[in-house]
Every structure is written in C-alpha cells, then in structure tokens.
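Beneath this line is the structure, given in structure tokens, with notes to follow.
The values are calculated or read from the model by the stated rules, or taken from the named source; none is laboratory data. Nothing here was measured: the structure is a model prediction, and the numbers come from that model. Heads up, the Cβs are rebuilt from the backbone with ideal geometry, glycines too, and the neighbour counts pull from every protein chain shown.
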Ligand SMILES: [Fe+2]
Ligand SMILES: [Fe+2]
C-alpha cells in the first residue's frame, strides 16, 4: 500500500528483528519530525505515518512481544510496551479527531514525545533484554517473519526489491492494515 511505502520505502534490509525494527523507528520519527518542522497541518503525511506506525506496532505485538512475555526477565517490559502502544493509538485517534489548527500540531508533538520515549525504551531496554533470552537464530527467524508480515516478502532468500517498478511493488509495501489483520 502506497501509504506505508512512503514512510518505510521498500522496507528494511534483511536482518534480525531488531535490525528491522530499528530502521523503522528512524523512519517513523523522521516522518513525524517532518510534520513538526513544517509547523503545518499535514494530514497526508500524518495518515501515512500513523498507518506505518500501526503496522510496526502490530508486528511487534504479533511476533516479538509474545516471545518476551514467556520469560520472567522480559515479561514486564513487553507488557509495558503493549500499554505504550495503546497510549500511542489513543494519541493518534485524538489527532484524527482534532481540528486542523495549532492544537493539531501540539498533539502531533505530544505523539512524537510518546513515540520517542517508547523507541528509546525498546532500543535500550527491551531489545537488550530480548537478546538475552532469544538466540540469534530466533532473532533472525523473527526478522524474516516480520518482513514477510509487514512487507509481504518471502523469507530471506529473496533480496529486497531494487526498483519500485513492478506490480509486486505496489502490493508489497506494507499492506493495508485491514488486509493484514484478516490474515493474522
Ligand atoms: Fe518499535
Ligand atoms: Fe513498540
């Protein structure tokens, strides 16, 4: 779907689940920063970013967090992360229901703070904790599953598409959320 493609491009490189999520973290933050830097109400960019962020969160909730919730040393972090996702979703709904004025910008700024905080926690606490309880092999497998789930790519034997000129490309990028949900 074009919306997510505009935020995530052709998708992150092959790698572990952590590699992929970190790439998307940078992209999501950059998209929100674009809005804030402009100081304008940018509904299209926001819609694309919110869709990409939602896909990212759903991927984490479907693939990574369940693994972490099975282990006592990582469970609390995963549970908290889910709640932070819910908080971000509430913020997104609030923005979508907001009039296009300076409060809209303020709400996007708040979402940016929430997302940045969450990303910092994931990269500095959740992922390091996960590395202790998940083998590298599992992390790579989760990476393949994540890419397939989010970008409609088959496992790592396929290289990322080099050019967005195929029918596949228009469908590959990350999927209308409703379709994705239907499948999982
Ligand atoms: Fe994340
Ligand atoms: Fe997350």
* Is it the case that some residue within segment 64-75 is surrounded by 19 or more Cβ atoms within 10 Å (Cβ to Cβ) and more than 15 Å from the chain's Cα centre (by Cα)? -> yes
* Filtered residues of segment 116-136 (kept if touching a helix residue (DSSP H, G or I) at 6+ places or on another chain (Cβ under 6 Å) and closer than 28 Å to residue 38 by Cα) -> 118, 119
* **Number of the exception - residue 57 against (1) within 13 Å of ligand 1 (Cβ to nearest atom); (2) more than 24 Å from residue 7 (Cβ to Cβ)** => (2)
* Criterion: closer than 26 Å to residue 151 by Cβ and more than 15 Å from ligand 2 (Cβ to nearest atom) - qualifying residue of 98, 47, 81, 116 -> 47
* To do: Would you mention how many residues in segment 1-44 are crowded, with 21+ Cβ neighbours inside 10 Å, part of a helix (DSSP H, G or I), away from ligand 2 (no atom under 14 Å from the Cβ) and at pLDDT 95 or above?
  => 3
* **Total residues in segment 81-120, condition free of Cβ contacts under 8 Å to residues at least 24 places away in the same chain and assigned to a helix (DSSP H, G or I)** => 14
* List pairs: first in segment 45-58 and in contact (Cβ under 8 Å) with a residue 12 or more places away in the chain, second within 11 Å of ligand 1 (Cβ to nearest atom) and in a helix (DSSP H, G or I), Cβ under 6 Å, 6+ apart or cross-chain? -> 53/28; 56/24; 57/85
